[in-house]
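Heads up: the structure comes next, in structure tokens.
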Amino acid sequence: GGDSVVLERVPLKVKPPQMYQVVMLNDDYTPMEFVVVVIQEFFGKDRETATQIMLKIHLDGKGVCGVYSRDVASTKVDQVMDAAREAGHPLQCVSEPVE
Ligand code: TYC
């Protein structure tokens, strides 16, 4: 038959997702040890790295604990805030778009 079919390659419109930093904030009351354990538990850092991040936050006022997709970053913030509330500490944590 004379029917013809043309298959074209259509470029896939995919872009890497916007990434979000989870930023932890310093305060005067949350124990250093609690912050170190939280960073280990929820951000998968070893004790030495977690301690460095905690000290950076303590000295600079804030610090990045990890970079994730929006949903994962939001979940990390919730986990940290829930653990802090449960322990009675004022520790605060936010997520913000990278760049
Ligand atoms: N500044 C707190 C203290 O001296 C320690 C601390 C570090 C608190 C990091 C919060 O995100 C934080 N006990």
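Figures for the structure shown
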read-out	value
For segment 47-95: span of alpha carbons on each principal axis (Å, largest first)	28, 27, 20
Space enclosed by the convex hull of the alpha-carbon atoms of the chain, per residue, Å³	135
Cβ crowding within 10 Å averaged over residues, with 87-95, 5-13 ranked highest first	87-95, 5-13
Solvent-accessible heavy-atom area per residue, rounded to whole Å², over the chain at 1.4 Å	73
Accessible surface of the chain, 1.4 Å probe, proportion on carbon and sulfur as whole %	53
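The values are calculated or read from the model by the stated rules, or taken from the named source; none is laboratory data. What you are looking at is a predicted structure, and each value in this text was computed from that prediction instead of being measured. Here Cβ is always computed from backbone atoms with ideal geometry, including for glycine, and neighbour counts include all displayed protein chains. When the accessible area is computed, the model is the full protein with side chains, heavy atoms only, and any ligands, DNA or RNA have been set aside. Shrake-Rupley method; radii C 1.70, N 1.55, O 1.52, S 1.80 Å.
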